[in-house]
1. Take each of the peptides 211-219, 228-236, average the number of other beta-carbon atoms within 10 Å over its residues, and list them starting from the highest.
2. How many angstrom separate the Cα center of region 388-430 from the Cα center of region 240-276?
3. Could you pull out which residues in region 333-372 have an amide N less than 15 Å from a spot 7 Å beyond the Cα of Ser397, following the Cα-Cβ vector?
4. With each run of n ≥ 4 DSSP H residues scored as -39500 (n - 2.57), what mean residue ellipticity at 222 nm is computed for the chain after dividing by its residue count and rounding to the nearest 500 deg cm²/dmol?
5. Using a Förster distance of 35 Å, how high is the FRET efficiency between Leu39 and Glu160, based on the Cβ-Cβ distance and rounded to 0.05?
6. For Val68, which sequence-distant residues (separation of 5 or more, or a different chain) have an amide H within less than 5 Å of its own amide H, given hydrogens modelled in the peptide plane?
7. What is the gain in length, in nm to one decimal, between Gln380 and His246 on full extension, counting 0.36 nm per residue of separation less the C-alpha to C-alpha distance?
8. How long are the three semi-axes of the equivalent ellipsoid for the chain, computed from the Cα gyration tensor as the root of 5 times each eigenvalue, in whole Å, largest first?
Amino acid sequence: MKVLVIGGGGREHAMAWKLAQSPKVQMVYVAPGNGGTALDARLHNLAITDIVALRQWAQENKIGVTLVGPEGPLAAGVVDEFRQHGLRIFGPTKAAAQLESSKAFSKSFMRRHGIPTAEYATFSDPITAHTYVNQMGAPIVVKADGLAAGKGVVVAMTLEEAHAAIDFMLVDNTLGVTHNEGGARVVIEEFLEGEEASFMVLCDGRNVVPLATSQDHKRLLDGDNGPNTGGMGAYSPAPVVTPQVHARAMREIILPTLKGMEKDGIPYTGFLYAGLMIDAQGQVKTLEFNCRMGDPETQPILMRLKTDFLDLLLSATEGAGGTSFENLELEWDRRTALGVVMAAHGYPAAPRKGDVVAGLPKESDDAMVFHAGTALVDGQLQTSGGRVLCVTALGDSVRQVQQRVYQNLQGIAFDGMQYRTDIGYRAVKG
Ligand code: AMP
Ligand code: GLY
C-alpha cells in the first residue's frame with residue numbers, strides 16, 4: 001500500500017518513519033516533508049501543499065490511506081475534500097477541527113457538555129474585555145480565538161499584562177491569527193495551577209483508544225522560563241498521569257467529548273489531544289483541545305509504539321463507528337522515550353534560516369533524530385524553520401534516556417542552536 005503523510009515537521013517525520021516500518025507499506029510520501037524525510041530512502045517528498053491538488057494527486061497515485069499531521073490543513077477541510085472523493089484519510093472534518101481552531105467553540109462545547117475546564121468569558125469588544133479583567137483580577141489568561149501557531153495565549157501574571165494582551169489581540173491585531181467568522185475575539189479565562197500533561201487518543205467517530213501519555217515543555221528556557229514555544233521537548237510515559245488520573249481523563253473529558261460531538265452532529269474522527277492541568281488533589285481540567293497529535297510529543301510516543309501503525313490507521317478509517325476498534329489494544333515498549341528539540345537562532349520570535357546543520361549521529365533501533373525545520377539545499381542540510389531537530393531515544397529510566405539523548409546531541413552543530421538541558425526534569429525530581 002502507498003500512504004501519504006501531510007505536513008513537514010518533526011511529528012510528520014516520526015509518522016512517516018513509523019509507517020515505513022510496516023511490512024504492508026510499499027512507499028510513504030510526505031507532503032511537503034523536510035530535509036530529514038528527503039534524506040531517508042524509505043520516504044519520498046512531494047512538493048504539493050494545496051488541498052485540492054493533494055487530493056487529485058492521491059487519486060492519480062492510488063494512495064491507500066492519508067494521515068494529516070498539522071492543524072492547518074484539517075481546519076481548512078482536507079478531510080472533507082478527500083472523503084468527498086472517496087479517499088481514505090485519518091483526521092477530523094473541518095467542523096470537528098473547530099475543537100482546536102476556535103477557542104470560543106471549544107470552550108462553549110465544554111461548558112454545554114459539562115467537561116471540566118477553566119471558567120471563562122468571550123469578547124470581541126476590547127472595552128468590555130478590559131472591564132472584565134479588572135473585575136476578575138490577575139493572574140488571568142487571555143487567548144486569541146483563531147489558530148495562532150502556539151502564540152495566541154498570554155498567561156498574564158499582572159493586570160497590565162492582561163490589558164496589553166487584549167489590546168494586542170483585539171485592537172492592534174498583529175498576531176497573525178487566522179480569525180474565525182465574526183472577526184477577532186478573545187477568550188479570557190481563570191488561571192489554573194498544577195502540572196500539565198498531554199493526553200492523546202485515536203477516535204473512529206464512536207470508539208476511542210488512548211495512546212501512551214506524555215509531557216511537553218512549552219517554555220524556551222530551562223526550568224520552564226522564557227517565552228512560550230510550540231514545545232521544546234517531551235517524554236513518554238508521563239508519571240504525573242497516574243492510573244487514577246488516566247481513568248478520570250477518560251471518564252470526565254475524552255468520553256463526554258466524543259459523545260458530545262456525536263450528539264451535536266459532528267462525530268469526531270482522528271487523533272484528539274487534550275492538554276490536561278492536574279492539580280495536587282488529582283483533579284483534571286482541560287486546558288485546550290488539539291485536533292491532531294502533539295509536536296514534539298509524537299516523536300517519543302511513536303518510538304514506543306510496537307503495534308503496526310498502518311494497521312491502526314486502517315482500522316480507524318474503516319467507517320465511522322466501526323466495531324474494528326472496540327477490542328484494539330495498543331502495544332507499547334515499556335521503556336521511556338525522550339526527545340529534545342534543537343531550535344534555530346532567534347526562535348520563537350524570529351527564527352533564522354540557512355544555517356548549515358552538521359554532525360548528525362547514525363540512526364539506530366532505539367535512537368533517532370527527527371527533522372523539522374531542515375531543508376536539503378544543493379545536497380547540504382540547512383535550517384529552514386524554528387524547531388530544527390528533535391533528538392529522541394529510548395532508555396530504561398528517565399534519567400538514563402536523558403543521558404543518552406544529551407550524549408547523542410553533543411556532536412550536532414549549527415550556528416545559533418538553542419536547546420533546553422533539562423527535558424524530563426519533572427519526572428526525575430526527588
Ligand atoms: P493552550 O494553547 O490553550 O494550551 O495554552 C498554552 C499554554 O498556556 C498551556 O500549555 C499552559 O501552560 C498555559 N495555559 C493555558 N490556559 C491556562 C490556564 N487557564 N491557566 C494556566 N495556564 C494556562
Ligand atoms: N506540543 C504541543 C502541541 O503540539 O500543541
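1. Numbers: 211-219: 22.4, 228-236: 25.7.
Put in order of decreasing packing, that is 228-236, 211-219.
2. So the separation of the two Cα centres works out to 30 Å.
3. Flagged as within label range: 335-337.
4. Details: 14 runs with 113 residues, N = 430.
Counting only the DSSP helices, I get -7000 deg cm²/dmol.
5. On the way: r = 48 Å, r/R0 = 1.37.
About 0.15, to the nearest 0.05.
6. Amide H to amide H, under 5 Å and 5 or more residues apart or across chains, Val68 pairs with Ile6, Phe90.
7. The Gln380-His246 span can extend by a further 43.8 nm.
8. For the chain, the ellipsoid semi-axes come out as 31, 26, 23 Å.
Quick note: the coordinates plus some simple rules give every number you see, no bench work behind them. It should be emphasised that the depicted structure is a prediction, and the values quoted were computed from it without experimental measurement. Virtual Cβ from ideal backbone geometry, glycine too; neighbours counted across all protein chains shown.
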